[in-house]
Every structure is written in C-alpha cells, then in structure tokens.
Amino acid sequence: MTKIDLSRQATGLAPDAQKLEIDKAATLVGTRAKLNFIQGSNTTLTVADNAGTGAVDVTIAATAAVDHTHTVEDKDTWDGVTTTWALAHTPKNATSITVYFNGQRIRQGAGKDYTLATNTITFLFTPASTDLTSAEYSY
C-alpha cells in the first residue's frame, strides 16, 4: 500500500487557502487539504510533479487479474472403440472449451457431438484410429 500526502503546510494562510483542487481529466471533482492514494492489487500508481502546469499528475494503471490458464490439447491416437478422452485439466466451465474433430468444430451437449463431465469428454460417436481431435480451453 502506498500513501501519498499532498497536504500543504503553509503558515499564515487561512484554512480555505490550504485546500487542493482535485481534478479528474481536467474537471474539478472536489477540494480537500489532504489527498491519499492507496495502491491496490493489480494497480500501479505513477505520481509526478508537473512544474509546467503547477499540478501533481497521478496516473493509475490497472491490469486484469488472471485466474485461469489457456491450453490446447491434441489427441491423435484412437483405437476405434474408445469414446472418452480425459483432459489434462478440468475446464474452468462448460463454455470455456471448444472441441475439434478432424479440424471441424463440434457441438457440446446431450444429443449433440460430445458431453463434458469434469475433465472427461465423451463422444456420442466412436472415433476411428485415423481421426484427429483437439480441445482448446481455459482452466
């Protein structure tokens, strides 16, 4: 956590004269004698004294929290009997996975091309030994 104290400690000034004008994109949003910036997770604060404008410029940058990993798995060895494929990871959710069969995207769901339970894909058909499958998903 970073604390920045921008209060002015000038002697002989009336209390109103000690307040700072706080702007957001050059629009006044308030006046206070003290301003405190708190740097949170996934944020960066950059503070610079801009002598040209007589202001202290504060830039706040944020990055998205990454809570998953993306992967692509290929399976090119089928025996003409097996209809299940255990993925190396459990997909984050059912919508985070796309499965391809011989290069064509196939549909997920009961009565469609395959179903997904935890990390196991069950095809509603039997892949032949020459078939190629690929799964792209987040986990």
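The values are calculated or read from the model by the stated rules, or taken from the named source; none is laboratory data. What you see is a predicted model, and the numbers here were worked out from it, not measured in a lab. All Cβ positions, even for glycine, are placed from backbone atoms using ideal geometry, and neighbour counts span all protein chains on display.
Tabulated results
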{"item": "Pair list, Cβ < 9 Å and 6+ apart or interchain, from region 36-56 residues that are hydroxyl-bearing (S, T, Y) to residues that are exposed (fewer than 10 other Cβ atoms within 10 Å of the Cβ) and assigned to a loop (DSSP other than H, G, I, E, B)", "result": "S41/A65; T43/T63; T44/T63"}
{"item": "Residues of region 78-132 satisfying the condition of being among the hydroxyl-bearing types (S, T, Y), free of Cβ contacts under 8 Å to residues at least 12 places away in the same chain and touching a Ser or Thr at 6+ places or on another chain (Cβ under 8 Å)", "result": "T115"}
{"item": "Failed item, numbered, when T82 is tested on (1) at pLDDT 85 or above; (2) more than 30 Å from Y137 (Cα to Cα); (3) surrounded by 10 or more Cβ atoms within 10 Å (Cβ to Cβ)", "result": "(2)"}
{"item": "Residue list for region 82-139, restricted to those being touching a Lys or Arg at 6+ places or on another chain (Cβ under 7 Å) and closer than 13 Å to H70 by Cα", "result": "T98, S138, Y139"}
{"item": "N36 surrounded by fewer than 10 Cβ atoms within 10 Å (Cβ to Cβ) and either modelled with pLDDT under 75 or outside the structural domain of R105 (by TED's automatic domain parsing) (or both)", "result": "no"}
{"item": "Criterion violated by E73 - all others in (1) modelled with pLDDT of 95 or more; (2) surrounded by 14 or more Cβ atoms within 10 Å (Cβ to Cβ); (3) of a type in the set (D, E) satisfied", "result": "(1)"}
{"item": "Of the criteria (1) in contact with a His (Cβ under 6 Å, 6 or more places away or on another chain); (2) in contact (Cβ under 8 Å) with a residue 60 or more places away in the chain, which one E136 fails", "result": "(1)"}
{"item": "Answer residue from region 109-126, given it is surrounded by 14 or more Cβ atoms within 10 Å (Cβ to Cβ) and under 18 Å from A88 (Cβ atoms) and is nearest to the chain's Cα centre (by Cα) among those", "result": "N119"}
{"item": "Some residue of region 40-59 being closer than 30 Å to Y139 by Cα, surrounded by 13 or more Cβ atoms within 10 Å (Cβ to Cβ), of a type in the set (S, T, N, Q) and at pLDDT below 90", "result": "yes"}
